[in-house]
There are 4 protein chains.
Amino acid sequence: MIIVMKPNAPKDAVQKVTSLIEEKGLTAHLSEGREVTIIGVVGDKTKLEGDNLILLPYVDKLVPITESYKLSNKKFHPNPSRVTVGNHVIGPDTLTVMAGPCAVETEEQLLTIAREVKKAGAHFVRGGAYKPRTSPYSFQGLEVEGLRYMAEAKKETGLNTICEVIDEKSIEAAVKYVDMIQIGARNMQNFQLLREAGRSGLPVLLKRGLAATIDEWLNAAEYIIAEGNPNVVLCERGIRTYETSTRNTLDLSAVPVIRAKSHLPIIVDPSHATGVRAYVEPLAKAAVACGADGLMIEVHNDPEHALSDGPQSLTFSQFEDVMAHLRPYIQLAERKL
Amino acid sequence: MIIVMKPNAPKDAVQKVTSLIEEKGLTAHLSEGREVTIIGVVGDKTKLEGDNLILLPYVDKLVPITESYKLSNKKFHPNPSRVTVGNHVIGPDTLTVMAGPCAVETEEQLLTIAREVKKAGAHFVRGGAYKPRTSPYSFQGLEVEGLRYMAEAKKETGLNTICEVIDEKSIEAAVKYVDMIQIGARNMQNFQLLREAGRSGLPVLLKRGLAATIDEWLNAAEYIIAEGNPNVVLCERGIRTYETSTRNTLDLSAVPVIRAKSHLPIIVDPSHATGVRAYVEPLAKAAVACGADGLMIEVHNDPEHALSDGPQSLTFSQFEDVMAHLRPYIQLAERKL
Amino acid sequence: MIIVMKPNAPKDAVQKVTSLIEEKGLTAHLSEGREVTIIGVVGDKTKLEGDNLILLPYVDKLVPITESYKLSNKKFHPNPSRVTVGNHVIGPDTLTVMAGPCAVETEEQLLTIAREVKKAGAHFVRGGAYKPRTSPYSFQGLEVEGLRYMAEAKKETGLNTICEVIDEKSIEAAVKYVDMIQIGARNMQNFQLLREAGRSGLPVLLKRGLAATIDEWLNAAEYIIAEGNPNVVLCERGIRTYETSTRNTLDLSAVPVIRAKSHLPIIVDPSHATGVRAYVEPLAKAAVACGADGLMIEVHNDPEHALSDGPQSLTFSQFEDVMAHLRPYIQLAERKL
Amino acid sequence: MIIVMKPNAPKDAVQKVTSLIEEKGLTAHLSEGREVTIIGVVGDKTKLEGDNLILLPYVDKLVPITESYKLSNKKFHPNPSRVTVGNHVIGPDTLTVMAGPCAVETEEQLLTIAREVKKAGAHFVRGGAYKPRTSPYSFQGLEVEGLRYMAEAKKETGLNTICEVIDEKSIEAAVKYVDMIQIGARNMQNFQLLREAGRSGLPVLLKRGLAATIDEWLNAAEYIIAEGNPNVVLCERGIRTYETSTRNTLDLSAVPVIRAKSHLPIIVDPSHATGVRAYVEPLAKAAVACGADGLMIEVHNDPEHALSDGPQSLTFSQFEDVMAHLRPYIQLAERKL
């Protein structure tokens, strides 16, 4: 951490700061500039309580130098991680495709969709059994019943399965039925849930919060990994901005930024990001082109009658087309589907 | 809901939409414009599944007309609500003040703070026993131990008590020890938590999410009220914007906007909004001046050594000053302290 | 436009609105719903003054139905436009590449860069002669001298040239020396400048404003086209969000959104969007993959000593690599370089 | 400036950075931390070209320490500035009120409004003669004719006058007719206009850009002052965020933040910020309560027929009421009206 003093801070004030630093067993390095004095703090900064130094007289600002996340930080784990789910490995060699309905509606619906997305090349069937919805009057999911259908879908198609979890109870149920769990955008900083996901032993897909910075996102991943679970995959799904032509603003820069800051795999969800079916294919291609490790795409047997997120869902034949059009981009990216 | 057709939509396409509306037992009203045809849907729109109509051929856009929240909506409850907590009523007649440390640290600390904030005029002592923190390596709270200190503080000072809850377990514990529970900004769309808060029977302070729209906020309140608990108080605490001079951007317009849209009381937290001690007083005055029903202010016995959020905490004498300076504004607002 | 009345609006209030509409020679269509009455306005809505109807008693909200831009609107010009600059056509068949330094520094510098970017495949050399800078103490550009170097560069290499203009005087100068002018992000709503750019007769590259919605952007294009100049190319260059890992957040969804709403070509500037050299290549690939008509990339002979925007500038060999890596993506997009 | 090296940067890399700093006649202070080495740069940092040091091997990040604005910076001008316009002084002793229509429409309209706002206590009549409008098809202002009416209004009422300028020509005209000029939000980074405003000799009201940070705003003020014109007044008028209940989000924290960073007066415009008439009074009170030096409020003789911004304009009797309700707040703030 660097402490910047106000212009004309008297020697006493600087002395008070350096004493406090040294009391804690840390070292203070002074640079006296033309306008201001800055103090570099060397040592284990967790010994300093939070940001309270800002309250000392004549302290102007504090500048953090090192990130608070370690386990998800590339600086300490330079090589890209691979996350194994069943017989599939999410990571730099593969372009992982997760596809399926926003919400699981019936067993037949899910099985039909699972068969079709498998045929088109997907590795995972996704489907929400617990649906966090803005309004309490919207469809909230089939819960355990939905999870059972997921297990059926796996049994029949051999696809891996992934489901969103929303609390301890849903994690307990998910562990019995699915291969991977998902933490949704609205729960990205539900720290209890992150810890429980960490303890579940299952691989975790961690969606970026609606207004989460990349540093907060990696700190959220840290919560999961700190529980002994290194199998975290990030998912960029759009952030909230002032622009309203799309549901959210897909931040594809997040892909190279995460690559620079973390070893964790990152996939992209163009369906939730845009909320518009016609924008899914161009942004899926863009995601592959900029280095994403995978895609999550909503597919529905009958989007016009979907109970949730119909407008952004692809039909079977649209999904088949998208996958066909993606193939050359996946090849260019030197990944296998 | 209004359905806007694309220019030159053929009669067939319009017919298909109106048929679908009428099949559901709703009525379709056509306006054929110079450029476009619009269709007004009259009846119980919950019979239409989500936004899927957008997928029909030649449909250009859907415009929702009515809000999805009813119980928190002023249209159906024109008079301002009053929320009673112990012997105190939060609502239009009072300027409710909640004050205390970000985190409960020790029993003595909390008791000292409770005594001091009472002396200065506060109605509630606040204090976090469960702390959601961005990094897993930050102090996370004393949990039940902290709640017990809150009960002690109440016993000694007679102040009402309020604590943040973060999951089912913490709600169960809070019910035994405190008078009011708080849902934090990061959990505003943790819908399970909202439901459980609703079922707890305790009055609930619902902080606005970091990137929540006012409509999403009122929908979150709806989750609590829909469980049979009408005792919801909203708390504006700053939203995330591009500006970095303050931790968040305090959206004081939210006060008159909520007044126009809802009957629920709304208080303002200038401490979390700005993250800077010197900005607390001017924004507290502004909050009272624009009609807020109360304030939540962080006060600490020793901010320089606080385990959380020291930079924004007031000392006892600063809090006393702020309260003294606020009194004439509270009088002008025709409220009693 | 649709007018939504408040619940329980009396017949009188509805009558007052419809009378006012009919007075103006427009037609009002009523839909009386269970909760609210809505009124569709049919006819030339420019006859209604702005949004003042909201002030009439019991009017709840106004919902615009048609866009205010016409000349840049795909609804009235369904086929993609082509913008010819010298012997080059910007549009759906080509992937146009504009490359060069942020600021023109010396004649030799610009000539060297022009030769190198031409060799690597660029169609335009870009270079700022007038530099809008946040601080008045930063380098502000060589002005006319810089434009002369651009003309030299064209003469020697045959490349087309493009320069930012910032006021009437710079447009007058630019007309003499360069092939295309650019309106920068900060001037996107400098309406005088837009009109003058329209009257200049030169093709115009219109960068998206830092916080401009897509509709505002197309309205800005409308200002130029309304002056009789249809040769407008849009340039997405990142928008301002809360995320600070990149200088701006590149909104690649803007590419398919513009494709859906407008006939104008759109190119992407990954250099200004990210501000980080390492992110230019992945986002350039993504831009091509999602359908952009071109790229603007900063290239500098000696980025470490650049007078402006060094951190995001590519060296010659880096640019050559990027172009080589882009070629297969351009082929996939069925465009020629 | 502080330079943070990457972990494990070799001595060579650190040496290269310090040499470069010393070559420029600056001093480098090293702090070798447990994880990283940081280098403080002492001396005139304008000798370093921009941010290019980031391109040196093993440099991780650059942290600016001092602000780039000097003339508008409180650090170098600790006392609050007073800006004199005619017989009125904008500054800490007064609560300056500027009121009038968004756009000047007719002479009679402006004179009527001027008389009425004067009666209610305003010091300035405002009115747009040049209107920057999103769509080229909206009313664009009366231009010089409108300025003449302003001069008439001054002659008759003795009020000071203020008008927005949009280019060199409008500044030349404004100098002849009005007392103060305004730079609008969309032109806050139109640096040519800022310079010309600086040279005009007239006091300047500088509105904050829609997405401008406070530092960018103070840098914009710097452009004006650097031309020898210290008479700059800032105006907060709402920033662009994701929230759509109000036209913009009024950032009242900007008032105490500006007070902490600058000596310039700051006024608040609740009319443009909210776009809703009913929100003007509560936010005007809040602005006074948090320390603003003045208010700009839109008032219209007939808002229902206003050519621009009717929905946010107050009628005469509403403005009279607002002023009456503001008086006790102005007294509390120890200012005179």
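The values are calculated or read from the model by the stated rules, or taken from the named source; none is laboratory data. The structure presented is a predicted model; accordingly, all values stated were derived computationally and were not measured. So basically every Cβ, Gly included, is an ideal-geometry build from the backbone, and we count neighbours across all protein chains shown.
Considering only residues that are away from chain D (no Cβ under 13 Å) and among the small types (Gly, Ala, Ser), look in region C:174-204 and name the one that is surrounded by the fewest Cβ atoms within 10 Å (Cβ to Cβ).
Applying the filter and picking the extreme gives C:Gly201.
State which residue is farthest from the other protein chains (Cβ to nearest Cβ) when the search covers only region C:136-165 and only residues that are assigned to a loop (DSSP other than H, G, I, E, B) and under 24 Å from the mean Cα position of the chain (by Cα).
Our first condition is that a residue be assigned to a loop (DSSP other than H, G, I, E, B); within region C:136-165, this holds for C:136-143, C:158-159.
If we keep only those that are under 24 Å from the mean Cα position of the chain (by Cα) too, we end up with C:140-141, C:143, C:159.
On the way: C:Gln140: 8, C:Gly141: 11, C:Glu143: 11, C:Leu159: 26 Å.
Selected residue: C:Leu159.
Give the residues of region C:285-337 that are farther than 18 Å from A:Pro282 by Cα, β-branched (Val, Ile, Thr) and assigned to a helix (DSSP H, G or I), sorted by residue number.
C:Val322
Among the candidates A:Ile65, A:Ile39, which residue alone is within 24 Å of D:Pro64 (Cβ to Cβ), touching a helix residue (DSSP H, G or I) at 6+ places or on another chain (Cβ under 7 Å) and either surrounded by 17 or more Cβ atoms within 10 Å (Cβ to Cβ) or not acidic (Asp, Glu) (or both)?
None of the other options fit; the residue is A:Ile39.
Would region D:48-59 turn up any residue that is among the small types (Gly, Ala, Ser), surrounded by fewer than 22 Cβ atoms within 10 Å (Cβ to Cβ) and assigned by TED's automatic domain parsing to the domain that holds D:Ile183? Spell out the reasoning first.
The first filter runs over region D:48-59 and keeps only residues among the small types (Gly, Ala, Ser), leaving D:50.
Remaining after also requiring surrounded by fewer than 22 Cβ atoms within 10 Å (Cβ to Cβ): D:50.
Now narrow it down to the ones that are assigned by TED's automatic domain parsing to the domain that holds D:Ile183: none.
Looking for residues that are among the small types (Gly, Ala, Ser), surrounded by fewer than 22 Cβ atoms within 10 Å (Cβ to Cβ) and assigned by TED's automatic domain parsing to the domain that holds D:Ile183, one finds none in region D:48-59, hence no.
What are the residue pairs meeting all of these: first residue in region B:282-301, first residue more than 10 Å from every other protein chain (Cβ to nearest Cβ) and modelled with pLDDT under 95, second residue part of a helix (DSSP H, G or I) and crowded, with 24+ Cβ neighbours inside 10 Å, Cβ atoms under 7 Å, and 6 or more apart or on different chains?
Close Cβ pairs (under 7 Å, with a partner that is part of a helix (DSSP H, G or I) and crowded, with 24+ Cβ neighbours inside 10 Å) amount to B:Asn301/B:Ile113.
Evaluate region A:155-165: report whether one residue or more is at pLDDT 95 or above, closer than 25 Å to B:Ile171 by Cα and not acidic (Asp, Glu). Walk me through how you get there before you give the answer.
So the first thing to find is which residues in region A:155-165 are at pLDDT 95 or above, and the list is A:155-165.
Checking the rest, the ones that are also closer than 25 Å to B:Ile171 by Cα come to A:164-165.
Now drop any that are not not acidic (Asp, Glu), which leaves A:165.
Looking through region A:155-165, at least one residue is at pLDDT 95 or above, closer than 25 Å to B:Ile171 by Cα and not acidic (Asp, Glu).
Can you name every residue in region B:306-333 that is charged (D, E, K, R) and either surrounded by 19 or more Cβ atoms within 10 Å (Cβ to Cβ) or not assigned by TED's automatic domain parsing to the domain that holds B:Gln182 (or both)?
The answer is B:Asp309, and nothing else.
Report yes if some residue within region A:298-305 is of a type outside the set (Asp, Glu) and crowded, with 23+ Cβ neighbours inside 10 Å; otherwise report no. Quick ask: steps written out before the conclusion?
Of region A:298-305, the ones of a type outside the set (Asp, Glu) are A:299-301, A:303, A:305.
Then keep just the ones that are crowded, with 23+ Cβ neighbours inside 10 Å; that gives A:299-300.
Within region A:298-305 (the criterion being of a type outside the set (Asp, Glu) and crowded, with 23+ Cβ neighbours inside 10 Å), the answer is yes, since at least one residue qualifies.
Do we have A:Leu264 as touching a Lys or Arg at 6+ places or on another chain (Cβ under 7 Å) and not aromatic (Phe, Trp, Tyr) here?
So A:Leu264 fails the test.
Just checking, which of C:Ser19, C:Ser31 is more than 14 Å from chain B (Cβ to nearest Cβ), more than 34 Å from the chain's Cα centre (by Cα) and at negative phi?
Selected residue: C:Ser19, the only one of C:Ser19, C:Ser31 that is more than 14 Å from chain B (Cβ to nearest Cβ), more than 34 Å from the chain's Cα centre (by Cα) and at negative phi.
Could you tell me which of the residues A:Thr106, A:Thr66 is within 25 Å of the chain's Cα centre (by Cα) and not charged (D, E, K, R)?
A:Thr66
I'd like to verify a number: residues in region C:124-140 that are surrounded by fewer than 24 Cβ atoms within 10 Å (Cβ to Cβ) and without any contact (Cβ under 8 Å) to a residue 60 or more places away in the chain, how many?
Number satisfying all stated conditions: 6.
Of the residues A:Asp309, A:Asp269, A:Asp321, which is under 21 Å from the mean Cα position of the chain (by Cα), more than 8 Å from every other protein chain (Cβ to nearest Cβ) and touching a residue at least 40 places away in the same chain (Cβ under 8 Å)?
A:Asp269
Report whether or not A:Leu234 is surrounded by fewer than 24 Cβ atoms within 10 Å (Cβ to Cβ) and in contact with a strand residue (DSSP E or B) (Cβ under 8 Å, 6 or more places away or on another chain).
no
Keeping to region C:160-173, report how many residues are out of contact with any strand residue (DSSP E or B) (no Cβ under 6 Å at 6 or more places or on another chain) and surrounded by fewer than 23 Cβ atoms within 10 Å (Cβ to Cβ).
The qualifying residues number 6.
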